[in-house]
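Report on one structure; see the data block that follows.
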Amino acid sequence: MSAHVMGERESTARFGFWLYLLSDVMIFGALFATFMILRGGTAGGPTDADIIEPFPVLLQTLALLASSFTVAVAVLAARAGKLQTMKLYLWATFLLGATFLGLELAEFINLVGEGHSWRESAFLSSFFALVGTHGLHITIGLLWLVVWLAYYQKRGMNDGMQRRLGLFALFWHFLDIIWIWLFTIVYMFGVGV
Amino acid sequence: MEWLIGRLSLEYLPTDPATIGAAIGMPLGALVVAGLLTYYKKWTWLWKNWLTSLDAKKIGVMYIVVALLMLIRGVADAFMVRSHTAMVGVDGEGLFDADMFQQVFTAHGTIMIFFVAMGLMFGLINVVLPLMIGARDVAFPWLNSVSFWLFFAGMILNNIALVIGGFSSAGWLGYPPLTGLEYSPGPGVDYWIWSLQIAGVGSLLSGINFFVTIIKKRAPGMTLMKMPIFSWSVLVTTVLIIISFPLLTATLALLSLDRLMDMNIFTSYLGGNPMLYVNLIWAWGHPEVYILVLPAFGIYSEIVATFARKKLFGYATMVAALVAIMFLSFLVWLHHFFTMGAGANVNAFFGIMTMVIAIPTGVKIFNWLFTMYRGQIRFTSPFIWFLCFVFTFTIGGVTGVMMAVPALDYQVHNTLFLVAHFHNTIIGGVVFGFMAGITYWFPKIFGFRLNERLGKYAAYLWQLGFIVAFAPLYTLGLMGAVRRLDTYDDPTWTPLFIVSGIGVMIIGAGIALQVLQFVVSIWQRKQNLDTTGDPWDGRTLEWSVPSPAPEYNFAITPTVSRRDEWWYAKQETIRRPHKSEYVDIHLPQNNSMGLYIGLASLVAGFAIVWHMWWLVILCVVAIIAMVIMRTMDDNTEFTITGEELFELDSKRFTAGKAKA
């Protein structure tokens with residue numbers, strides 16, 4: 001297949017993926033709207049200021065921001081043909097992402113342990129739905145990354161693998177941006193910063 | 001046992017005769033079809049040529065076949081609803097009890113919108129859009145098959161409800177708190193949620209696919225403003241799909257969280273907010289009606305230009321109108337519930353926006369009329385559908401503007417007046433358009449035309465039946481008949497309900513004629529063969545290739561220099577390309593993974609409805625594994641060499657000569 005056809009395919013795939021991200025923005029848009037409307041619906045249960053612990057969330061944010069950096073370095077390294085560096089930074093991305101997810105799970109388990117599950121009030125329902133949806137995306141991203149690395153181990157680098165890595169990086173940066181919104185609207189507004 | 005089969009139990013089997021009949025009849029019908037396929041040894045043919053094909057035209061035909069079957073089910077539901085209201089006494093004794101009646105109208109609405117109108121729309125887009133823009137294929141052929149099979153899975157899940165568990169009885173948009181656990185604890189609402197959720201993801205993927213196709217795969221020289229209007233309408237529709245369908249996905253997901261995990265998002269206690277659901281679902285729902293009607297508008301634009309033998313009047317204003325509707329359709333959702341009590345200012349804003357959106361629609365109507373003006377009109381059956389549309393849709397538009405006035409809406413809100421209004425636009429606009437489109441493009445896919453006379457009679461019957469069925473509903477609505485009631489305590493309304501029931505029967509006769517039309521046309525196909533590839537003397541690129549269109553669409557990618565390229569090109573001499581101009585092309589190989597993903601989604605949906613969690617997990621893992629396998633596969637295409645293409649394409653020129 002000619003280089004021209006490959007290049008066209010690459011740009012078509014990227015364009016389609018951008019549109020998918022746009023549609024995902026709309027999903028998060030609906031969830032954010034729901035959260036903001038139900039934020040006051042605490043039904044006598046805890047408010048946002050009561051349940052948010054700023055320090056772990058700050059760690060989460062730093063981990064995710066750092067992982068956005070490492071994945072960007074990995075893509076640049078892949079383009080430059082420095083495959084060892086790429087691999088290193090991809091594993092770093094994975095670890096940072098896993099740290100983020102672990103902290104989020106700890107937060108959820110803590111809340112449920114204290115008796116503040118999603119059942120308690122509309123506010124908690126919308127909180128778990130919004131933050132959980134982002135967490136689900138992160139989980140899918142981590143799975144994608146591991147699968148990519150496994151195939152890379154088997155196949156090495158080629159045009160197709162390069163394209164898929166590019167799409168993954170796009171996805172990961174997107175989740176980072178969504179998190180910035182989450183961090184601001186859910187957590188920072190929540191503790192009244 | 002509960003871990004294995006969840007809450008499934010025999011008590012969910014149907015008990016009333018009508019449902020038992022359907023529950024036995026549908027699987028029996030499927031068995032008969034399977035038996036016939038085995039008897040005639042057609043399984044391999046079906047598998048290779050249709051089920052696993054990634055050819056957009058074939059996927060399109062499968063969409064249309066499914067949608068037409070569902071149309072029959074939807075009309076049967078409508079017939080049940082109207083027979084009941086025609087026969088029911090003031091004591092409430094009629095054909096069905098209240099719950100059954102509610103299930104029937106809920107199934108009617110859900111099926112008609114999601115599995116008939118959406119199916120016909122995606123079917124026609126698949127069939128003609130790539131041909132029309134001079135493309136060999138869609139941007140993501142495999143994704144296209146996934147979309148179809150998700151649509152199919154949603155349809156099957158919806159119909160399984162008839163066999164076991166019963167369907168939702170909460171209306172086609174399922175407002176909470178009625179759809180919450182407290183009032184609908186059974187599996188019906190879950191069937192509704194998950195059949196829409198699965199089909200909805202398919203629609204979203206299709207939306208992305210066709211948007212990219214139009215942007216990236218147009219023939220060289222075809223700038224956006226040289227595209228046929230149908231392509232423009234699809235472009236705008238896909239924008240609406242990409243932006244609005246995620247809202248449906250999110251809303252249904254939140255509702256199912258309420259139902260599955262005891263959340264309180266849309267409940268009426270613990271801080272939940274049912275009106276939030278109504279806002280969210282209509283933020284999808286109103287764009288959705290334009291998603292359905294805009295492609296139909298595109299079809300009318302092609303048909304009126306072809307059969308008036310004139311270029312479309314006001315091309316640029318047509319595009320402007322489409323784009324205006326694209327923006328405005330997101331600013332009118334609140335007119336579905338003026339009675340929520342958002343206050344005079346909010347209602348005034350949405351009322352005015354609703355009136356404003358009628359303007360671009362009016363522009364289109366006038367453009368079509370001016371296209372007909374001084375044209376040499378041929379009254380073919382697609383054109384008859386078009387004329388019925390202009391009449392019916394205009395009435396629907398006018399009653400829509402009436403209801404855009406909040407003060408008036410308070411009177412007719414949720415009455416049969418509203419029911420008549422939206423059927424006016426959806427049948428008159430969407431259904432007539434897709435019927436016209438099917439008739440118009442049928443020869444391009446199958447190589448012969450449909451019987452013209454039966455097609456016209458069917459259109460007339462639909463039109464007549466429509467008026468008889470819905471004029472009484474307008475009257476009843478103005479008199480205050482609330483919709484969705486199984487009984488009314490005013491016996492003087494009964495005659496009007498009886499007239500309406502007769503109207504449904506007339507529409508049913510129209511559909512019977514359409515079935516007859518297909519049968520007769522296939523029977524007599526030799527008399528209506530399309531040997532030229534251009535049976536209607538068309539204007540756009542799909543008519544430049546032979547009928548039936550080859551799987552590669554165009555042997556040589558066409559070049560475009562003007563609107564209605566084919567109309568002008570065929571008035572010049574068409575040169576036969578030299579052998580060296582044929583280059584190798586790559587087409588997608590058949591693939592069955594889309595079908596399996598659809599199947600796994602269907603089982604997953606069924607498992608969620610019945611709370612069989614192990615099965616849900618199994619299916620989700622299977623789907624993820626299949627997606628990984630397919631997306632990591634680099635070898636998905638086959639090649640047709642230039643020489644083979646040259647040979648294949650020679651037929652086109654010999655056939656043309658035979659005609660000359």
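Couple of notes before you dig in:
- Scanning the range B:565-593 for residues that are farther than 16 Å from residue B:638 by Cβ and touching a Leu at 6+ places or on another chain (Cβ under 8 Å) yields a total of 3.
- Test: residue in the range B:300-322 that is within 14 Å of chain A (Cβ to nearest Cβ) and at pLDDT 95 or above: no
- Residues of the range A:145-158 classified as closer than 17 Å to residue A:97 by Cα and at the interface with another protein chain (Cβ under 9 Å from one of its Cβ atoms), total: 2
- Filter result for residue A:91 (within 13 Å of chain B (Cβ to nearest Cβ) and open to solvent by 60 Å² or more (accessible area, probe 1.4 Å)): no
- Criterion (among the small types (Gly, Ala, Ser) and crowded, with 22+ Cβ neighbours inside 10 Å) met by exactly one of B:407, B:420: B:420
- Taking the range A:28-44 as the range and being assigned to a helix (DSSP H, G or I) and more than 7 Å from chain B (Cβ to nearest Cβ) as the test, the residues that pass are A:28, A:29, A:32, A:33, A:35, A:36.
- Out of B:493, B:567, one residue alone is more than 31 Å from the chain's Cα centre (by Cα), over 20 Å from residue B:136 (Cβ atoms) and buried (at least 17 other Cβ atoms within 10 Å of the Cβ). It is B:493.
- When residues of the range B:207-226 are limited to those that are of a type in the set (A, V, I, L, M) and within 13 Å of chain A (Cβ to nearest Cβ), the one nearest to residue B:565 (Cα to Cα): B:214
- Test set (1) in contact (Cβ under 8 Å) with a residue 24 or more places away in the chain; (2) open to solvent by less than 30 Å² (accessible area, probe 1.4 Å); (3) farther than 27 Å from residue A:10 by Cβ - residue A:145 fails condition number: (3)
- Just so you know, in the range A:1-27 the residues that are open to solvent by 40 Å² or more (accessible area, probe 1.4 Å) and facing another protein chain (nearest Cβ under 9 Å) include one that is nearest to residue B:214 (Cα to Cα), and it is A:15.
- Residue match in the range A:60-72 (condition: open to solvent by 50 Å² or more (accessible area, probe 1.4 Å), within 14 Å of chain B (Cβ to nearest Cβ) and more than 30 Å from residue A:154 (Cβ to Cβ)): no
- Scanning the range B:23-46 for residues being touching a residue at least 12 places away in the same chain (Cβ under 8 Å) and either open to solvent by 30 Å² or more (accessible area, probe 1.4 Å) or part of a loop (DSSP other than H, G, I, E, B) (or both) gives a total of 2.
- Of all residues in the range B:382-398, none are over 26 Å from the mean Cα position of the chain (by Cα) and not acidic (Asp, Glu).
- Criterion (touching a His at 6+ places or on another chain (Cβ under 9 Å) and open to solvent by less than 30 Å² (accessible area, probe 1.4 Å)) met by exactly one of B:301, B:329: B:329
- Filter result for the condition that a residue is within 11 Å of another protein chain (Cβ to nearest Cβ), of a type outside the set (D, E, K, R), in contact with a Ser or Thr (Cβ under 9 Å, 6 or more places away or on another chain) and open to solvent by less than 10 Å² (accessible area, probe 1.4 Å), over B:242, B:229, B:193: B:242
- Only listed residue being part of a helix (DSSP H, G or I), among the aromatic types (Phe, Trp, Tyr) and closer than 30 Å to residue B:98 by Cβ, chosen from B:192, B:149, B:172: B:192
- The range B:245-264: number of residues that are hydroxyl-bearing (Ser, Thr, Tyr) and open to solvent by 10 Å² or more (accessible area, probe 1.4 Å): 1
- Test: residue in the range B:55-71 that is within 21 Å of the chain's Cα centre (by Cα) and assigned to a loop (DSSP other than H, G, I, E, B): yes
- Residue within the range B:630-650 that is away from every other protein chain (no Cβ under 14 Å), of a type in the set (Lys, Arg) and surrounded by fewer than 18 Cβ atoms within 10 Å (Cβ to Cβ) present: no
- Enumeration of residues in the range B:249-282 that are at the interface with chain A (Cβ under 9 Å from one of its Cβ atoms), in a helix (DSSP H, G or I) and either among the small types (Gly, Ala, Ser) or farther than 12 Å from residue A:34 by Cβ (or both): B:249, B:250, B:253
- Residues satisfying the stated conditions in the range B:539-548, i.e. crowded, with 20+ Cβ neighbours inside 10 Å, in a loop (DSSP other than H, G, I, E, B) and in contact with a Gly (Cβ under 8 Å, 6 or more places away or on another chain): B:545, B:546, B:547
- Of all the criteria given as (1) of a type outside the set (A, V, I, L, M); (2) farther than 22 Å from residue B:261 by Cβ; (3) in a helix (DSSP H, G or I), the one not satisfied by residue A:81 is (3).
- Filtered by the rule that a residue be open to solvent by less than 20 Å² (accessible area, probe 1.4 Å), out of contact with any Ser or Thr (no Cβ under 8 Å at 6 or more places or on another chain) and among the β-branched types (Val, Ile, Thr), the range B:62-86 gives B:66, B:81.
- Check on residue A:105, in a helix (DSSP H, G or I), surrounded by fewer than 16 Cβ atoms within 10 Å (Cβ to Cβ) and either away from chain B (no Cβ under 14 Å) or over 17 Å from the mean Cα position of the chain (by Cα) (or both): yes
- Residues of the range B:87-123 satisfying the condition of being of a type in the set (A, V, I, L, M), over 28 Å from residue B:147 (Cα atoms) and open to solvent by 20 Å² or more (accessible area, probe 1.4 Å): B:87, B:90, B:95, B:98, B:100
- Scan of the range A:117-128 for residues that are out of contact with any helix residue (DSSP H, G or I) (no Cβ under 6 Å at 6 or more places or on another chain) and open to solvent by 10 Å² or more (accessible area, probe 1.4 Å), ordered by number: A:117, A:119, A:120, A:128
- Residue in the range B:610-625 that is outside any helix (DSSP H, G or I), in contact with a helix residue (DSSP H, G or I) (Cβ under 9 Å, 6 or more places away or on another chain) and either on the phi > 0 side of the Ramachandran plot or surrounded by fewer than 18 Cβ atoms within 10 Å (Cβ to Cβ) (or both) present: yes
- Enumerated helices (runs of 4 or more DSSP H) restricted to the range B:340-456, each holding at least 3 residues that are in contact (Cβ under 8 Å) with a residue 40 or more places away in the chain and within 24 Å of residue B:302 (Cα to Cα): B:344-372, B:381-403, B:416-425, B:432-446
The values are calculated or read from the model by the stated rules, or taken from the named source; none is laboratory data. The model shown is predicted, which means the values in this text are computed figures rather than measured ones. Here the Cβ is made from the backbone with ideal geometry for all residues, glycine too, and neighbour counts use every protein chain on show. Surface accessibility is based on the protein's heavy atoms, side chains included, excluding ligands, DNA and RNA. Shrake-Rupley method; radii C 1.70, N 1.55, O 1.52, S 1.80 Å.
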